[in-house]
Amino acid sequence: MTAYDYDLFVIGGGSGGVRAARVAAALGKRVGIAEEYRYGGTCVIRGCVPKKLYVYASQFPEHFADAAGYGWTVPEASFDWPMLVANKDREIARLEAIYEKNVKGAGGETFHSRAMLVDPHVVHLLGDDRTVTADQILIATGGRPAPHPALVGHEHCIFSNEAFDLKQLPKAIMVEGGGYIAVEFANIFHGLGVETTLVYRGKEILSRFDMDLRRTLHETMEKKGVRILCHAVSEWVRKRPDGRLDALVTGGKVLTVDQVMLAIGRIPNTENMGLEGVGIELSKTGAINVDKYSRTNIDNIWAIGDVTNRVQLTPVAIHEAMCFIETAFKGNPTAPDHDTIPTAVFSQPEIGTVGLSEDEAVKRFADIEIYRASFRPMRHTLSGRDEKMLMKLVVDGASRKVLGAHILGPDAGEMAQLLGIPLKAGLTKEDFDRTMAVHPTAAEELVTMYKPTYRVKDGERV
Ligand SMILES: Cc1cc2nc3c(=O)[nH]c(=O)nc-3n(C[C@H](O)[C@H](O)[C@H](O)COP(=O)(O)OP(=O)(O)OC[C@H]3O[C@@H](n4cnc5c(N)ncnc54)[C@H](O)[C@@H]3O)c2cc1C
């Protein structure tokens with residue numbers, strides 16, 4: 001082992017890579033890690049963290065409006081986009097420094113450089129123009145927004161990376177895509193006062209989530225003023241003499257906007273890294289193929305996180321890192337568990353969800369009970385805001401297990417985290433029923449829906 005410079009070399013200093021490097025170093029392993037851009041990776045620098053800060057920023061206009069019903073008079077508000085961007089930059093720089101410091105503090109060595117594989121034990125650090133050797137190599141290079149070269153005028157479009165740092169807040173934007181990133185950004189821009197159009201080629205936004213939530217969110221967003229065009233794509237984007245953009249969307253409508261943001265998926269970072277030369281197998285989409293322990297087809301090379309295109313979420317990348325450490329360094333082979341992952345969409349209103357959607361459950365189980373409540377949350381009574389909260393439990397009639405829990409409304413993400421525990425534990429509807437409610441909360445609805453709203457037997461609603 002000591003013939004190598006490192007016991008472990010990690011390529012990519014994002015959520016997964018930093019966790020693996022830090023924990024391996026804390027175990028006393030000799031660890032090196034290379035990051036080509038900024039430590040913290042997508043989540044910290046241009047993903048979850050800045051996104052959530054912008055979500056908070058975009059919610060204030062509604063808070064100001066809602067305050068009136070509670071007796072407050074709020075003077076006319078104004079918004080300073082460059083100040084938000086600068087404050088966000090300060091916060092992510094703080095987090096970036098912590099990420100790197102934690103690796104160093106555990107005894108790891110950090111490099112600011114792009115890394116490439118030269119052979120199964122040799123990594124070339126391009127920035128430092130040096131080569132290092134390692135017994136084990138972990139690839140955690142994440143992904144990036146999928147480009148859209150077929151779109152005429154794609155060079156005028158931005159992606160989520162650029163959206164965080166626009167010099168000016170646009171007056172009007174078109175966001176193309178129907179996944180959570182597109183939906184979240186559409187809500188952010190709308191909340192900040194930007195005239196927003198969401199264009200999605202599918203029949204309803206947020207595929208793979210429960211249809212009830214998708215439809216209700218769609219309606220609520222439209223009621224707030226976001227324009228949503230489904231079954232539509234942009235056909236070309238042209239720059240106008242006044243610097244604005246014209247975008248032709250399906251159906252012949254031309255939208256004039258200041259920015260077109262494409263959020264049509266993400267692709268793994270596997271190019272120009274020497275992977276082919278070393279013989280690492282990739283999938284058709286360019287993701288690294290791994291076995292259930294995150295090992296590639298080369299024995300000492302592993303891959304975790306978005307670059308493997310399993311489930312593209314920060315906690316999943318971190319979990320895969322921890323399983324990798326158990327397997328590679330603790331003699332305890334541990335496969336990551338990708339089942340029943342709670343997740344949120346920070347739309348407005350928010351979605352929190354865990355487990356099977358109604359449609360998925362109906363495909364897999366003969367007798368499904370749906371418990372559904374749609375109500376105005378208490379905070380909207382005095383505010384007068386005409387917005388409903390939706391809660392839904394999907395229960396297997398035979399085993400009584402709660403298979404899915406889906407929430408649309410304030411704090412849904414926080415609730416999904418807690419619901420992840422009983423669903424992971426396989427608890428039954430009766431376990432929910434005998435749990436005392438917390439009153440007055442919105443979440444109490446989850447333990448007080450005693451009668452099924454409807455059942456679905458052999459695919460038929462009864
Ligand atoms: C806009 C947006 C919002 C998101 N919101 C959420 C959310 O709310 N919740 C959630 O759970 N997830 C969210 N995600 C997803 C989350 O950010 C990713 O799943 C997570 O960051 C994946 O971690 P990773 O370690 O696999 O990769 P990354 O965090 O992407 O890190 C990979 C790192 O590798 C570096 N790198 C790449 N190639 C090389 C190379 N050759 N040499 C050296 N370094 C290299 C990159 O610069 C990058 O820093 C969001 C993503 C985006 C884009």
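The values are calculated or read from the model by the stated rules, or taken from the named source; none is laboratory data. For clarity, every value in this text was computed on a predicted model and none was experimentally measured. Backbone-built Cβ (ideal geometry, glycine too); neighbour counts: all protein chains shown.
In the range 143-168, which residue that is part of a strand (DSSP E or B) and closer than 20 Å to residue 244 by Cα is nearest to the ligand (Cβ to nearest atom)?
Quick first cut of the range 143-168, residues part of a strand (DSSP E or B) only: 143-145, 152, 158.
So of that shortlist, the ones also closer than 20 Å to residue 244 by Cα come out as 152, 158.
On the way: 152: 25, 158: 12 Å.
Looking at residues that are part of a strand (DSSP E or B) and closer than 20 Å to residue 244 by Cα, I get 158.
Answer yes if at least one residue in the range 278-295 is of a type in the set (Lys, Arg) and in a strand (DSSP E or B), and no otherwise.
yes
Do we have residue 307 as within 8 Å of the ligand (Cβ to nearest atom) and within 15 Å of residue 12 (Cα to Cα) here?
Spelling it out, residue 307 is indeed within 8 Å of the ligand (Cβ to nearest atom) and within 15 Å of residue 12 (Cα to Cα).
In the set 51, 104, which member is among the basic types (Lys, Arg) and in contact with a strand residue (DSSP E or B) (Cβ under 7 Å, 6 or more places away or on another chain)?
104
Restricted to the range 1-56, and to residues that are of a type in the set (A, V, I, L, M, F, W, C) and assigned to a loop (DSSP other than H, G, I, E, B), which residue is nearest to the ligand (Cβ to nearest atom)?
Here the answer is 27.
Just checking, which of 376, 364, 400 is modelled with pLDDT of 95 or more, touching a helix residue (DSSP H, G or I) at 6+ places or on another chain (Cβ under 7 Å) and farther than 14 Å from residue 209 by Cα?
After ruling out the rest, the residue left standing is 400.
Please verify whether the range 291-304 includes one or more residues that are surrounded by fewer than 17 Cβ atoms within 10 Å (Cβ to Cβ), away from the ligand (no atom under 15 Å from the Cβ) and among the basic types (Lys, Arg).
yes
Within the range 423-434, how many residues are surrounded by 14 or more Cβ atoms within 10 Å (Cβ to Cβ), closer than 17 Å to residue 450 by Cα and not β-branched (Val, Ile, Thr)?
4
Yes or no: residue 310 charged (D, E, K, R), in contact with a Leu (Cβ under 9 Å, 6 or more places away or on another chain) and free of Cβ contacts under 8 Å to residues at least 60 places away in the same chain?
no
Hey, could you check the range 112-142 for residues that are assigned to a loop (DSSP other than H, G, I, E, B) and touching a Gly at 6+ places or on another chain (Cβ under 9 Å) and say which is farthest from the ligand (Cβ to nearest atom)?
120
Could you give every pair whose Cβ atoms fall below 9 Å, whose first residue belongs to the range 277-291 and is closer than 18 Å to residue 144 by Cβ, and whose second residue is acidic (Asp, Glu) and exposed (fewer than 15 other Cβ atoms within 10 Å of the Cβ), counting only separations of at least 6 or pairs across chains?
Qualifying pairs under 9 Å: 282/276; 286/271; 288/281.
Would you mention how many residues in the range 114-169 are surrounded by 18 or more Cβ atoms within 10 Å (Cβ to Cβ) and among the polar types (S, T, N, Q)?
Total satisfying the criteria: 3.
With the checklist (1) in a loop (DSSP other than H, G, I, E, B); (2) out of contact with any Asp or Glu (no Cβ under 7 Å at 6 or more places or on another chain); (3) within 16 Å of the ligand (Cβ to nearest atom) in hand, flag the one item residue 264 doesn't pass.
(2)
Check residue 230 against each of (1) free of Cβ contacts under 8 Å to residues at least 12 places away in the same chain; (2) under 23 Å from residue 179 (Cα atoms) and name the one condition it does not meet.
In the conditions (1) free of Cβ contacts under 8 Å to residues at least 12 places away in the same chain; (2) under 23 Å from residue 179 (Cα atoms), residue 230 misses (1) alone.
Let me spell it out: the conditions are (1) closer than 30 Å to residue 139 by Cβ; (2) touching a residue at least 60 places away in the same chain (Cβ under 8 Å); (3) more than 8 Å from the ligand (Cβ to nearest atom); (4) out of contact with any Lys or Arg (no Cβ under 7 Å at 6 or more places or on another chain), and residue 62 meets all of them except one. Which number is the exception?
For residue 62, the failing item is (1).
Collect the residues in the range 201-226 that are touching a Leu at 6+ places or on another chain (Cβ under 7 Å) and more than 23 Å from residue 355 (Cα to Cα), keeping them in residue-number order.
Within the range 201-226, just 226 meets the criteria.
Determine, yes or no, whether residue 122 is more than 30 Å from residue 31 (Cβ to Cβ) and more than 26 Å from the chain's Cα centre (by Cα).
Answer is no for this residue.
Just a yes or no: is a residue in the range 233-242 surrounded by fewer than 15 Cβ atoms within 10 Å (Cβ to Cβ), more than 16 Å from the ligand (Cβ to nearest atom) and either of a type in the set (Asp, Glu) or under 25 Å from residue 374 (Cα atoms) (or both)?
yes
Find the helices (runs of 4 or more DSSP H) located wholly in the range 324-432 whose residues include 1 or more that are more than 27 Å from the chain's Cα centre (by Cα), and list them.
379-383
Does the range 207-222 include one or more residues that are assigned to a strand (DSSP E or B), over 19 Å from the mean Cα position of the chain (by Cα) and surrounded by 15 or more Cβ atoms within 10 Å (Cβ to Cβ)?
Taking every residue of the range 207-222 in turn, none turns out to be assigned to a strand (DSSP E or B), over 19 Å from the mean Cα position of the chain (by Cα) and surrounded by 15 or more Cβ atoms within 10 Å (Cβ to Cβ).
Restricting the range 71-91 to residues that are small (Gly, Ala, Ser) and surrounded by fewer than 10 Cβ atoms within 10 Å (Cβ to Cβ), which is farthest from residue 165 (Cα to Cα)?
71
Give just the number: which of (1) surrounded by 16 or more Cβ atoms within 10 Å (Cβ to Cβ); (2) at pLDDT below 95 does residue 269 not satisfy?
Every condition holds for residue 269 apart from (2).
Is it fair to say residue 399 is among the polar types (S, T, N, Q) and without any contact (Cβ under 8 Å) to a residue 60 or more places away in the chain?
Numbers: among the polar types (S, T, N, Q): yes; without any contact (Cβ under 8 Å) to a residue 60 or more places away in the chain: yes.
Yes; evaluated as a whole, the condition is true for this residue.
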